[in-house]
Amino acid sequence: MYNDNPTINDLKQPLDESKQGDVFYNEQMLTPQTGKKFYIESYGCAMNFSDSEIVASILAEVGYAPTKVMAESDLILINTCSIREKAEDNVRQRLRQFDKVKKEKPGTLIGVLGCMAERLKEKFLEQEKLVDIVAGPDAYRDLPKLVATAAGGEKGMNVFLSREETYADINPLRLDSNGIAAFISIMRGCDNMCSFCVVPYTRGRERSRNAFSIVAEATDLYKRGYKEVTLLGQNVDSFKWENPETKEVVNFAQLMEMVALVSPEMRVRFSTSHPKDITDEVLYTMKKYENICNYIHLPVQSGNSRILKKMNRTYDREWYMERVEKIYEIIPDCAISADIICGFCSETEEEHQDTLSMIEWANYTMSYMFFYSERPGTLAARKYPDDVPYDVKKRRLQEVVDLQMNISHKNNLKDIGKTFKVLIEGDSRKSDADFKGRTSQNKVLIFPKKDGLKPGDYAEVKVTGVTRATLIGELV
Ligand code: 5AD
Ligand code: SF4
């Protein structure tokens with residue numbers, strides 16, 4: 001499916017309407033009563049949604065309670081994404097709407113967080129006069145101070161990028177939670193320097209979080225009734241944390257095992273994997289634990305080796321294919337999804353065909369597909385002309401989208417007759433007579449409810465049919 005906001009659809013679990021309002025707030029939180037409220041909106045990747053929960057926790061500590069009603073808030077925050085030009089345009093458009101709220105309620109503070117704040121820094125304050133606060137991804141601990149500065153009538157800005165900050169000690173305040181699935185941020189930043197990508201500039205150097213704090217967070221979630229955690233990082237396979245006391249190093253496979261052992265009843269997912277770093281050890285760990293889901297998001301970006309080199313992905317087509325073969329060999333029922341960029345600098349028709357053939361060969365269950373959007377300051381912007389015409393990019397993207405839809409559909413048809421263990425997430429969007437669950441392979445499965453079953457329970461469901469993007473089934 002074409003989606004300009006890559007990972008959220010997949011990873012952000014939708015709201016369970018019945019729970020809105022009560023799970024919104026983390027019970028253990030002791031909030032000083034200031035009567036102040038903040039409203040926060042997040043754009044971009046799952047990491048951004050996860051960061052907003054850290055921000056919420058920091059603000060709650062100083063007496064700001066979250067609200068879902070923008071008009072009743074004293075502080076409006078927007079956590080932004082810079083990955084493509086369109087993502088930034090969306091944010092600017094949204095800011096126009098905040099402006100109206102501010103006019104109706106003078107004194108409301110507006111803060112811009114995340115990647116766009118980091119990329120544009122003081123330029124943001126010059127360009128968008130209504131903005132009072134600009135805070136980059138590593139500056140959230142400073143927010144109470146920035147808010148105080150802004151309340152005093154000055155602009156508050158902190159875009160300092162840290163080499164250490166992981167917010168390890170902060171217990172995120174779960175916003176919009178269905179009470180069943182949660183994100184756990186395990187590392188920050190990125191050292192990969194893909195030539196098209198702005199992330200290393202907006203999120204800084206890669207650093208891994210204390211492994212024990214990750215396990216403690218997972219354990220706490222389990223005790224509070226959560227049944228699924230998604231370990232998040234730009235490149236989870238390069239997770240590496242050294243215990244300062246014992247000097248022992250924990251890698252990603254070991255971390256995943258530690259989290260899987262919290263409880264066999266709690267599912268573990270992770271995102272995003274980098275083809276150059278995903279090890280056999282990770283795959284064998286997935287195989288060993290039933291509660292580690294058989295799903296890998298493995299962005300390919302392009303199916304052509306020359307383009308991959310130009311993208312600085314540090315693997316080629318053959319390397320990628322070997323990794324995919326290994327995944328299917330070790331975990332035969334594993335689902336793989338990808339990110340794909342169409343029309344990168346100098347991409348020819350033949351090279352585009354290599355991407356199409358890869359989609360078919362790798363048999364992705366789904367993909368996030370984009371056309372190349374030049375980002376200022378990146379290696380590609382400095383070195384390579386953005387020379388594939390817009391119409392050509394669009395047409396190639398459409399071909400990729402059409403093919404992926406076809407492959408996804410075929411893939412779903414093959415599930416008919418099979419039985420899957422699903423984690424029930426809530427009511428189906430279309431009917432409250434049906435539940436919506438998710439298979440280990442991250443596919444949504446809709447099936448009729450039965451007394452005694454509730455969200456958070458597991459159920460064995462046999463697939464009887466498919467619609468465009470979902471499986472339909474019945475309890476066995
Ligand atoms: N243009 C288009 N897509 C991009 N992505 C990252 N940078 C760009 C860009 N400049 C895509 C990649 C990445 C996903 C999160 O967004 O496919 O994996
Ligand atoms: Fe967007 Fe990348 Fe920043 Fe996530 S890390 S918000 S995808 S620019």
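Since every read-out is calculated from the coordinates, none of them should be taken as a lab result. Because the structure is predicted, anything quoted here is derived from the model rather than measured. As a convention, Cβ positions derive from the backbone with ideal geometry for all residues, glycine included, and neighbour counts pool all protein chains shown.
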task: Among A381, A216, Q353, flag the residue with its Cα farthest along the positive direction of the charge dipole of region 181-414, charges on Cβ as +1 for Lys/Arg and -1 for Asp/Glu.
output: A216
statement: With R₀ set to 45 angstrom, the calculated FRET efficiency between the beta-carbons of A71 and S357, to the nearest 0.05, is 0.30
field: Check: the chain dipole with +1 on Lys, Arg Cβ and -1 on Asp, Glu Cβ, in debye
entry: 660 debye
query: Among the DSSP beta bridges whose two residues both lie in region 129-236, what percent are antiparallel, rounded to the nearest 5?
result: 20 percent
task: Please report, in debye to the nearest 20, how large the charge dipole of region 171-242 is about its Cα centre when each Lys and Arg carries +1 at its beta carbon and each Asp and Glu carries -1 there.
output: 140 debye
- prompt: Once the Cβ-Cβ distance between K309 and E329 is put in as r, and R0 is 25 Å, what FRET efficiency do you end up with, to the nearest 0.05?
  reply: 0.40
query: Among R269, R174, which comes first, then next, by fewest other beta-carbon atoms within 10 Å?
result: R174, R269
message: How much length would be gained if the chain were fully extended between A381 and E350, taking 0.36 nm per residue of separation minus their Cα-Cα distance, in nm to one decimal?
response: 8.8 nm
- prompt: Which of the lysines could a cross-linker bridge to K443, judged by Cα under 22 Å and excluding same-chain residues fewer than eight apart?
  reply: K12, K227, K287, K288, K326, K410, K414, K418, K421, K430, K454, K462
message: Could you work out the percent of alpha carbon pairs in the chain separated by over 35 Å, rounded to a whole number?
response: 32 percent
statement: Cβ density ranking, 10 Å radius, fewest first, applied to H352, H409 yields H409, H352
FRET E, pair E248, E164, Förster distance 25 Å, beta-carbon r, rounded to 0.05: 0.80
- prompt: Extension gain D316-R96, at 0.36 nm per residue separation less the Cα-Cα distance, in nm?
  reply: 74.8 nm
The chain - mean residue ellipticity at 222 nm from DSSP helices (-39,500 (n - 2.57) per run, n ≥ 4, rounded to 500): -10000 deg cm²/dmol
query: How big is the antiparallel share of DSSP beta bridges in the chain, given as a percent to the nearest 5?
result: 35 percent
- request: Mind checking which of T419, V62, F196 is farthest towards the positive end of the chain's charge dipole, using Cβ charges of +1 (Lys, Arg) and -1 (Asp, Glu) about the Cα centre?
  value: V62
- request: Along Cα→Cβ, 7 Å out, is where each label goes; now give me the distance between the ones at E154 and T419 in nm to one decimal.
  value: 6.7 nm
Inter-label distance for D89 and K129, nm, one decimal - labels placed 7 Å from Cα along Cα-to-Cβ: 2.5 nm
Dipole of the chain, positive end: most advanced residue of G156, L130, A181 [Cβ charges, Cα centre]: L130
query: Taking the simple approach of a point 7 Å from Cα along Cα-to-Cβ for both R224 and M258, what is their distance in nm?
result: 2.0 nm
query: Which order results if E154, E347, E206 are arranged by neighbouring Cβ count within 10 Å, fewest first?
result: E154, E206, E347
- line: For region 419-475, the dipole about the Cα centre with charges only on Cβ (Lys and Arg +1, Asp and Glu -1), to the nearest 20 debye, works out at 220 debye
